[in-house]
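Visitor: Just dropping this structure here.
The values are calculated or read from the model by the stated rules, or taken from the named source; none is laboratory data. No experiment lies behind these values; they were computed from the predicted model shown. A quick note on method: Cβ atoms are made from the backbone with ideal geometry, for glycine too, and the neighbour counts reach across all protein chains shown. These accessible areas exclude ligands, DNA and RNA; they are computed on the full protein's heavy atoms, side chains included. Shrake-Rupley method; radii C 1.70, N 1.55, O 1.52, S 1.80 Å.
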Amino acid sequence: MFRHTDPEVLVVGAGPVGLITALFLQLHGVRVEIIDEGQRTTEHSYALAIHPRTLRILDEAGLAKRLIAEGRKLTKVAYYEGHERRAEIDYSTLASRHPYLLVVRQSALESAAAEALRAEKVKVLFGHRLQALSLKGGIREAQVAKLDHVASGYPAARSEWVVARTETIRPAYVIGADGYDSAVRRMSGIEMEDHGASELYSVYEIEAGGELPADVRVILDPDLTSVYWPLEEGRCRWGFQIRDTSEHDASMERLEQLIAARAPWFTARPTRIYWSTLGRFDRRVARSFGNGGVWLAGDAAHQAAPVGVHSMNSGLIEAHELAARISRIKNLGASPSLLQGFGTETREAWEWLLGAGEKVRALPASDPWVQQRRERILACVPASGEDLEPLLGQIGLTAAPRGRMIDTHA
């Protein structure tokens, strides 16, 4: 990784948000380098659905067409309690180039972005870890370690990662897209702020025989939430909120118990569990999205419950915004206050989504069941920006003014 020219921007983290950040920077003519401590992209993920607003962003990157071909379009999200279908939103009514949710695997998004970066002569440097971040005499320095996998131990062999070499680079900007336990966030001294208790979900990706519903179904029991997502033919994913880790079991027996208790309308017969995991989802946001030359995006800056798929989709929009604003500063001499504006606007949007207080109001003719659950429903609507208001309106709800987030890609 020895170089003659430092990158203008160092992106830390090669998940969807980091890859899209790097791609937009490169497309804007900003010299970028992207590193990731891991050795490859994800195998399993919670992130599953791309919002219409996010698809408009991916159109600009030239990725939407490929992802649409690989994914599945879904136009309806239904809200249940027990057998009863209590409310439904229809994405096909949106005034959008993409009036639907796109269910696509995170690995497909990462592969498409990585290939686009390769076409732009940008290589993702896996096995590279950010070791230190500092500001010396007004110059930002990032120490990056190249990791090697070595075998050790006798007589019982084992393998471990060791630092093969380190290098100091001097980028103008560092973007932390390095997830929940962000090294960039820690090294910058940015703390996270909790907005409520974390939530536990048992997640199962399964094969099932019989007719699988073709819409997303969110189950709002009195104090627990579950969600069903249709995938490829004969395959679906379930997420069941549970109260304690002891309630998670990756067995067919436990899966069938949960379906019977939460989704009595599900008549297909599970035949195989491809994978299952227990996920803990915090409700928190960074006290700051950055300052000066260090900025955060995606899970490095915020986390939320998984049903609305808000954290990844917001992260991809943040990637687009950061790249656009940095390019205007670097290439057009715009004021650095553009980035301060990004930080303020994005944090306010997340405080609104996660914070206490009335975020959504019931219209006079709305169903009492919807009225009583309006705050829970808001967290379970896979949409943002200008798409959110018309979708809420279909079920007799309206977002409070602070929720009308800026969307320049309608």
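Visitor: Quick one: what pairs do we get from the stretch 359-378, first residue more than 10 Å from residue 398 (Cβ to Cβ), second open to solvent by 60 Å² or more (accessible area, probe 1.4 Å) and at pLDDT 95 or above, C-beta under 6 Å, 6+ apart or different chains?
Guide: 369/86
Visitor: Check the stretch 161-183 and report whether any residue there is over 25 Å from residue 370 (Cα atoms) and in a helix (DSSP H, G or I). It would help to see each step written out before you state the result.
Guide: Step one: filter the stretch 161-183 for residues over 25 Å from residue 370 (Cα atoms), giving 161-183.
With in a helix (DSSP H, G or I) added as a condition, the list becomes 183.
There is at least one residue in the stretch 161-183 that is over 25 Å from residue 370 (Cα atoms) and in a helix (DSSP H, G or I).
Visitor: Kindly indicate whether any position in the stretch 192-212 is among the hydrophobic types (A, V, I, L, M, F, W, C), over 30 Å from residue 262 (Cβ atoms), at pLDDT 95 or above and under 19 Å from the mean Cα position of the chain (by Cα). Steps first, please.
Guide: Within the stretch 192-212, the first condition is being among the hydrophobic types (A, V, I, L, M, F, W, C), and the residues that meet it are 192, 197, 200, 203, 206, 208, 212.
Going one step further and asking which of them are over 30 Å from residue 262 (Cβ atoms), we end up with 192.
Remaining after also requiring at pLDDT 95 or above: 192.
Still in the list and also under 19 Å from the mean Cα position of the chain (by Cα): 192.
Yes, there is a match, as at least one residue in the stretch 192-212 is among the hydrophobic types (A, V, I, L, M, F, W, C), over 30 Å from residue 262 (Cβ atoms), at pLDDT 95 or above and under 19 Å from the mean Cα position of the chain (by Cα).
Visitor: Okay, moving on. Evaluate the following for residue 189: is it within 30 Å of residue 7 (Cβ to Cβ), under 18 Å from the mean Cα position of the chain (by Cα) and either at pLDDT below 95 or in a loop (DSSP other than H, G, I, E, B) (or both)?
Guide: On the way: within 30 Å of residue 7 (Cβ to Cβ): yes; under 18 Å from the mean Cα position of the chain (by Cα): no; either at pLDDT below 95 or in a loop (DSSP other than H, G, I, E, B) (or both): yes.
No: the conditions fail for residue 189.
Visitor: Would you say residue 86 is part of a strand (DSSP E or B) and open to solvent by 60 Å² or more (accessible area, probe 1.4 Å)? Talk me through it step by step, then tell me what you get.
Guide: Working: part of a strand (DSSP E or B): yes; open to solvent by 60 Å² or more (accessible area, probe 1.4 Å): yes.
Answer is yes for this residue.
Visitor: I would also like to ask the following. Answer yes or no: is there a residue in the stretch 223-236 that is surrounded by 13 or more Cβ atoms within 10 Å (Cβ to Cβ), touching a residue at least 40 places away in the same chain (Cβ under 8 Å) and in contact with a Phe, Trp or Tyr (Cβ under 7 Å, 6 or more places away or on another chain).
Guide: no
Visitor: From the residues in the stretch 343-373 that are β-branched (Val, Ile, Thr), over 18 Å from the mean Cα position of the chain (by Cα) and assigned to a helix (DSSP H, G or I), which one is farthest from residue 312 (Cα to Cα)?
Guide: First pass over the stretch 343-373, keeping only residues β-branched (Val, Ile, Thr): 344, 346, 360, 370.
From the residues that got through so far, the ones that are over 18 Å from the mean Cα position of the chain (by Cα) too are 344, 360, 370.
Filter once more, keeping what is assigned to a helix (DSSP H, G or I): 344, 370.
Details: 344: 19, 370: 26 Å.
Across the stretch 343-373, the extreme among qualifying residues is 370.
Visitor: Within the stretch 57-80, can one find any residue that is open to solvent by less than 40 Å² (accessible area, probe 1.4 Å), at pLDDT below 95 and either closer than 30 Å to residue 293 by Cβ or outside any helix (DSSP H, G or I) (or both)?
Guide: no
Visitor: One residue is enough: does the stretch 241-249 have a residue meeting the conditions open to solvent by less than 10 Å² (accessible area, probe 1.4 Å) and among the small types (Gly, Ala, Ser)? Working first, answer last.
Guide: Here is the first cut: in the stretch 241-249, the ones open to solvent by less than 10 Å² (accessible area, probe 1.4 Å) are 242.
When the remaining residues are screened for being among the small types (Gly, Ala, Ser), the result is none.
No; the residues of the stretch 241-249 include none that is open to solvent by less than 10 Å² (accessible area, probe 1.4 Å) and among the small types (Gly, Ala, Ser).
Visitor: From the set of residues in the stretch 43-56 that are of a type outside the set (A, V, I, L, M, F, W, C) and at pLDDT 95 or above, which is most open to solvent (accessible area, probe 1.4 Å)?
Guide: Just the residues of the stretch 43-56 that are of a type outside the set (A, V, I, L, M, F, W, C), to begin with: 43-46, 51-54, 56.
Okay, now just the ones that are also at pLDDT 95 or above, so 51-54, 56.
Working: 51: 3, 52: 0, 53: 29, 54: 0, 56: 2 Å².
For the stretch 43-56, the residue satisfying everything is 53.
Visitor: Here is a further query. Look at the stretch 291-313 and say how many of its residues are assigned to a loop (DSSP other than H, G, I, E, B) and either more than 27 Å from residue 196 (Cβ to Cβ) or polar (S, T, N, Q) (or both). I'd like the intermediate steps shown before the answer.
Guide: Filtering the stretch 291-313 for residues assigned to a loop (DSSP other than H, G, I, E, B) gives 292-293, 297, 301, 304-309.
So of that shortlist, the ones also either more than 27 Å from residue 196 (Cβ to Cβ) or polar (S, T, N, Q) (or both) come out as 292-293.
Selection size over the stretch 291-313: 2.
Visitor: Which one of these does residue 349 not meet: (1) at pLDDT 95 or above; (2) farther than 30 Å from residue 207 by Cα; (3) touching a helix residue (DSSP H, G or I) at 6+ places or on another chain (Cβ under 9 Å); (4) not acidic (Asp, Glu)?
Guide: Result: residue 349 fails condition (1) only.
Visitor: Turning to a different aspect of this structure: Within the stretch 203-210, is even one residue more than 30 Å from residue 301 (Cβ to Cβ) and surrounded by fewer than 16 Cβ atoms within 10 Å (Cβ to Cβ)? Steps first, answer last, please.
Guide: Taking the stretch 203-210 as the starting set, the residues that turn out to be more than 30 Å from residue 301 (Cβ to Cβ) are 206-210.
Restricting the remaining residues to those that are surrounded by fewer than 16 Cβ atoms within 10 Å (Cβ to Cβ) gives 209-210.
So far as the stretch 203-210 goes, yes, one or more of its residues are more than 30 Å from residue 301 (Cβ to Cβ) and surrounded by fewer than 16 Cβ atoms within 10 Å (Cβ to Cβ).
Visitor: A follow-up question, please. Looking at 407, 387, which is the one that is of a type in the set (D, E, K, R), within 21 Å of the chain's Cα centre (by Cα) and at pLDDT 95 or above? Even if it seems obvious, please write down each step before you answer.
Guide: Details: 407 fails: at pLDDT 95 or above.
Exactly one residue qualifies, and that residue is 387.
Visitor: Write out, first by first residue and then by second, each pair whose Cβ atoms fall under 7 Å of each other, whose residues are 6+ apart or on separate chains, and whose first residue, in the stretch 95-106, is on the phi < 0 side of the Ramachandran plot while the second is in a loop (DSSP other than H, G, I, E, B) and of a type outside the set (Ser, Thr, Tyr).
Guide: Qualifying pairs under 7 Å: 101/51; 101/382; 102/71; 103/48; 103/71; 103/231; 104/71; 106/47.
Visitor: Scan the stretch 1-14 for residues that are at pLDDT 95 or above and assigned to a loop (DSSP other than H, G, I, E, B) and jot them down. Outline the logic, then answer.
Guide: So the first thing to find is which residues in the stretch 1-14 are at pLDDT 95 or above, and the list is 7-14.
Once the filter is applied, which keeps residues that are at pLDDT 95 or above and assigned to a loop (DSSP other than H, G, I, E, B), the stretch 1-14 yields 7, 8, 13, 14.
Visitor: Continuing with this model, one more query. Got a sec? Which of 119, 95, 112 is open to solvent by less than 20 Å² (accessible area, probe 1.4 Å) and more than 29 Å from residue 225 (Cα to Cα)?
Guide: On the way: 119 fails: open to solvent by less than 20 Å² (accessible area, probe 1.4 Å); 95 fails: open to solvent by less than 20 Å² (accessible area, probe 1.4 Å).
112 is the lone residue from the list that is open to solvent by less than 20 Å² (accessible area, probe 1.4 Å) and more than 29 Å from residue 225 (Cα to Cα).
Visitor: Kindly indicate whether any position in the stretch 291-300 is surrounded by fewer than 24 Cβ atoms within 10 Å (Cβ to Cβ), out of contact with any helix residue (DSSP H, G or I) (no Cβ under 7 Å at 6 or more places or on another chain), polar (S, T, N, Q) and in contact (Cβ under 8 Å) with a residue 12 or more places away in the chain.
Guide: Yes, the stretch 291-300 contains a residue that is surrounded by fewer than 24 Cβ atoms within 10 Å (Cβ to Cβ), out of contact with any helix residue (DSSP H, G or I) (no Cβ under 7 Å at 6 or more places or on another chain), polar (S, T, N, Q) and in contact (Cβ under 8 Å) with a residue 12 or more places away in the chain.
Visitor: Related question: Can you find even one residue in the stretch 272-290 that is part of a helix (DSSP H, G or I), within 24 Å of the chain's Cα centre (by Cα) and buried (at least 24 other Cβ atoms within 10 Å of the Cβ)?
Guide: Restricting attention to the stretch 272-290, the residues satisfying the condition of being part of a helix (DSSP H, G or I) are none.
Checked the stretch 272-290: no residue is part of a helix (DSSP H, G or I), within 24 Å of the chain's Cα centre (by Cα) and buried (at least 24 other Cβ atoms within 10 Å of the Cβ).
Residues checked against (1) surrounded by 15 or more Cβ atoms within 10 Å (Cβ to Cβ); (2) within 18 Å of residue 285 (Cα to Cα):
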site	(1), (2)
326	yes, no
332	no, no
355	yes, yes
362	yes, no
377	yes, no
383	yes, no
391	yes, no
